[in-house]
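Undergrad: One structure, as structure tokens, below. Some questions next.
Where a number appears in this text, it was derived from the coordinates with a stated rule and is not lab data. Here the structure is a predicted model, which is why all the values come from computation and not from measurement. Every residue, glycine as well, gets a Cβ built from its backbone with ideal geometry; the counts of neighbours run over all protein chains shown.
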Amino acid sequence: MVTTSEILSTLKMIDRQKLDVRTITMGISLLGCVSDDEDRLCQKVYDHITHTARDLVRVGEDIEREFGVPIVNKRISITPAALISGGIKNPVKLALALDRAARETGVNFIGGYSALVQKGMTEADKRLMLSIPEALAATDFLCSSVNIGSTRAGIDMDAVRMMGEIVKEAADRTADRDGLGCAKLVVFCNAVEDNPFMAGAFHGPGEGDCAVSVGVSGPGVVKSALESVRGEPFDTVAETIKRTAFRITRIGQLVAREASRRLNVPFGIVDLSLAPTPAVGDSVAAILEEMGLECCGTHGTTAALALLNDAVKKGGVMASSHVGGLSGAFIPVSEDVGMIEAAERGALTLDKLEAMTCVCSVGLDMIAVPGDTSAETISAIIADEAAIGMVNNKTTAVRVIPVPGKKVGDTVEFGGLLGHAPIMPVHPFGSELFVRRGGRIPAPLHSLRN
Amino acid sequence: MNDMKRAVVTVLGIDRKGIIARVSAILYENDANILDISQTVLDEYFNMVLIADISSATCSFEKLSAELSALGEKLGLQIRIQRSEIFEAMYQV
């Protein structure tokens, strides 16, 4: 049996260090719902989701109560919508049906209004992509993502160009909410099929009928563990993070196994990500600063993040039978109070964030840029980030919000888990001619690696 | 296979008379069997950790949990009950 001090230390992690399970996400395949009749497709999708996920929220709440660990979100991810909407003209109807299903099941988000176009776009993909701004403006729970590149296929620059315009339009259509639509839209390179985290979650075509996956969290616990090894060499830092990540992940594994058993749905994966929230004490930036940096974003940040990301994975892998998703440290700016402060102090810039994404999970995340940033500049930001993912065989993503009417010096408040952010400057020099070329950037060579 | 369902009851707060008596009364009324009790003072806080076998408990976990936290509110203490697996998972390989 565990000791009293271990029990008390767990309670301290939950109460003071904000340890939580970020999400239980149920992935549901909708491939069986395909129809060329709009109403029939929407009805089948709605019925299938509300039936399959009918107990998800209740089970999540039961587990939360019995184990005494907060489970912040319950979510649903679905087959990329472009794969099932080929027979219909207006995918927005499907978006509305998905939103209704989310409301009925009581989940926090439903993700998978997505298209996978790394090699090329079908007509269905294009229709879906062009409908994203309207779909996001018309729904409350829907999240969308588009995969525009991969290590094996290269980068689809036609899709990149389109996505710059789509991000702009998504911001304009939700201008009354400071461009909130963009906070629910992720552009990926090397998207993973089993990611439980929003906004980029979808249930990939390689998945089974249904699976439950769990995303853990707990930057505060790691930060607090590091406080006890101040001044020690990095070997000790890495060991401490590994041990902490192991414990956090074990909770994720326990919750995932229990949810899988109670819902009678196969266990998918545990995603080992350190996901910050805007709450004080729940910051990835604070971990980097605890390692000895005066402010996140200064010289040394990339190295600190590389160590953190790797140690989290090493510690977590042994704690779970199946690890997947995005697994690593997230660096969303608006959702991390330390990142917000660093950006406000001018220590953290878009360029530094781009460098940081080379060594950590995902990419340029929840970054507010001026409302007059051109679609081409956003496309170019997406292309840069995708290139990092493509060449380094990792997932990268862009979730930027060109906030309508705001400029550098302003701040934007998204509320809740999405937090607030200062508007960060982008380079004033154009990329129009680059983006307008279109075509594909070929897949990189996998030997002669330097 | 051991089917025993264990729960951990923790009480955090300022010490006062009758805490253990009242917590154990609730457990007794619901047919839970106390396996171990320990008390420590950590971080200037009174801590009590009680481990109980709830396999034969006559009420739902939810009700037991609600009764204990209601007692906590009455006494100005934080009282909670959690399934023991969460602690075992974190500290046992």
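Undergrad: Pull up the DSSP beta bridges for the protein assembly as shown and report the antiparallel fraction as a percent, rounded to 5.
TA: Here the share of antiparallel DSSP bridges comes out near 55 percent.
Undergrad: Shifting gears a bit: Just in the stretch B:8-93: which GluC sites (Glu not before Pro) are loop by DSSP and have at most 10 other Cβ atoms within 10 Å?
TA: B:Glu44
Undergrad: Hey, another quick one. Using alpha-carbon pairs under 8 Å, 6+ residues apart, how would you state the relative contact order of chain A in percent?
TA: Once normalised by length, the contact order is 18 percent.
Undergrad: Considering only DSSP beta bridges where both residues belong to the stretch A:94-248, give the percentage that are antiparallel (nearest 5).
TA: Counting DSSP beta bridges with both partners in the stretch A:94-248, the antiparallel share is about 15 percent.
Undergrad: Under 5 Å between amide H atoms, partner at least 5 residues away or on a different chain: which partners does A:Asp410 have, H built in plane at 1.01 Å?
TA: Sorted by chain and number, the residues that satisfy this are A:Ile423.
Undergrad: May I ask you to give the average projected area over all directions of the convex hull of the Cα atoms of the stretch A:316-450, in nm² rounded to one decimal?
TA: 10.8 nm²
Undergrad: Moving on. Work out Dmax and Rg for the stretch A:214-438 from the C-alpha atoms and quote the Rg first, both in angstrom.
TA: That works out to 18.1, 55 Å for Rg and Dmax.
Undergrad: Per residue of chain A, what 222 nm ellipticity follows from adding -39500 (n - 2.57) for every DSSP H run with n ≥ 4, rounded to the nearest 500? Please report the intermediate quantities before stating the final value.
TA: Working: 14 runs with 188 residues, N = 450.
Per the formula, -13500 deg cm²/dmol.
Undergrad: Hey, how many Å between the Cα centroid of the stretch A:161-219 and the Cα centroid of the stretch A:328-348?
TA: That distance is 20 Å.
Undergrad: Let me ask something else. Just want the answer: with Cβ charges of +1 for Lys and Arg and -1 for Asp and Glu, which residue in A:Ile340, A:Ser321, A:Val398 is farthest toward the dipole's positive end in chain A?
TA: Toward the positive end, the furthest listed residue is A:Ser321.
Undergrad: Check each of the trypsin sites (Lys or Arg not before Pro) in the stretch A:26-87 and keep only those in coil by DSSP with at most 15 other C-beta atoms within 10 angstrom; list them in order.
TA: A:Arg54
Undergrad: Please list, in chain and number order, the residues 5+ apart from A:Ser77 or on another chain whose amide H is under 5 Å from its amide H, with Hs placed from the backbone.
TA: Counting only residues 5 or more places away or on other chains, the set is A:Met26, A:Gly27, A:Ile28, A:Gly111.
Undergrad: Please report A:Phe202, A:Phe414, A:Phe429 as a ranked list, fewest other C-beta atoms within 10 angstrom at the top and most at the bottom. Working shown, then result.
TA: Values: A:Phe202 30, A:Phe414 22, A:Phe429 7.
So the ranking, lowest neighbour count to highest, is A:Phe429, A:Phe414, A:Phe202.
Undergrad: Need the C-alpha centroid separation for the stretch A:415-450 versus the stretch B:27-76, integer Å.
TA: 54 Å
Undergrad: Separate question: If you split all Cα-Cα distances of the stretch A:205-261 into 10 Å bins from zero, what percentages do you get per bin, shortest first?
TA: Going out from 0 Å in 10 Å bins, the stretch A:205-261 shows 21, 36, 23, 15, 4 percent.
Undergrad: OK, next. Would you list which aspartates and glutamates come within 18 Å of A:Lys314, measuring only between C-alpha atoms, while excluding same-chain residues fewer than 8 positions from it?
TA: A:Asp235, A:Glu239, A:Asp271
Undergrad: Follow-up. Quick one: which of A:Lys126/A:Lys184; A:Lys74/A:Lys184; A:Lys184/A:Lys242 span more than 24 angstrom between C-alpha atoms?
TA: The pairs that break the limit, which is 24 Å between Cα atoms, are A:Lys184/A:Lys242.
Undergrad: Could you go through the stretch A:2-10 in sequence order and give the Karplus-derived ³J(HN,Hα) for each residue, using 6.51 cos²θ - 1.76 cosθ + 1.60 with θ = phi - 60°, rounded to whole Hz, and x for Gly and Pro?
TA: Working through the residues one at a time gives 6, 8, 4, 5, 5, 5, 5, 5, 5 Hz.
Undergrad: Using all C-alpha to C-alpha distances in the stretch A:206-333, build P(r) with 5 Å bins and read off the rounded percent in each one.
TA: 2, 12, 21, 22, 17, 11, 7, 4, 2, 1
Undergrad: Note down the nm distance, to one decimal, between modelled labels 7 Å out along Cα→Cβ at B:Asp31 and at A:His51.
TA: 3.7 nm
Undergrad: Next question. Convex hull over the alpha-carbon atoms of the protein assembly as shown: what's its volume per residue in Å³?
TA: Normalising the Cα hull of the protein assembly as shown by residue number yields 157 Å³.
Undergrad: Normalised radius of gyration for the stretch B:8-87, please: alpha carbon Rg relative to 2.2 N^0.38 Å, two decimal places.
TA: 1.02
Undergrad: Starting from a Cα-only point model with no solvent, please compute log10 I(q)/I(0) by Debye for the stretch A:26-189 at q = 0.15 1/Å.
TA: With no solvent term, the Cα-only Debye profile gives -0.81.
Undergrad: Rounded, prolate or oblate: which one fits the stretch A:117-216, using the alpha carbon gyration tensor with axes a ≥ b ≥ c (rounded when a/c is under 1.5, else prolate when a/b beats b/c, else oblate)?
TA: Since a/c reaches 1.5 but b/c is at least a/b, the shape of the stretch A:117-216 is classed as oblate.
Undergrad: In the stretch A:233-302, which GluC sites (Glu not before Pro) fall in coil by DSSP and have 15 or fewer other Cβ atoms within 10 Å?
TA: When the GluC sites (Glu not before Pro) of the stretch A:233-302 are filtered for loop state and at most 15 Cβ neighbours within 10 Å, A:Glu294 remain.
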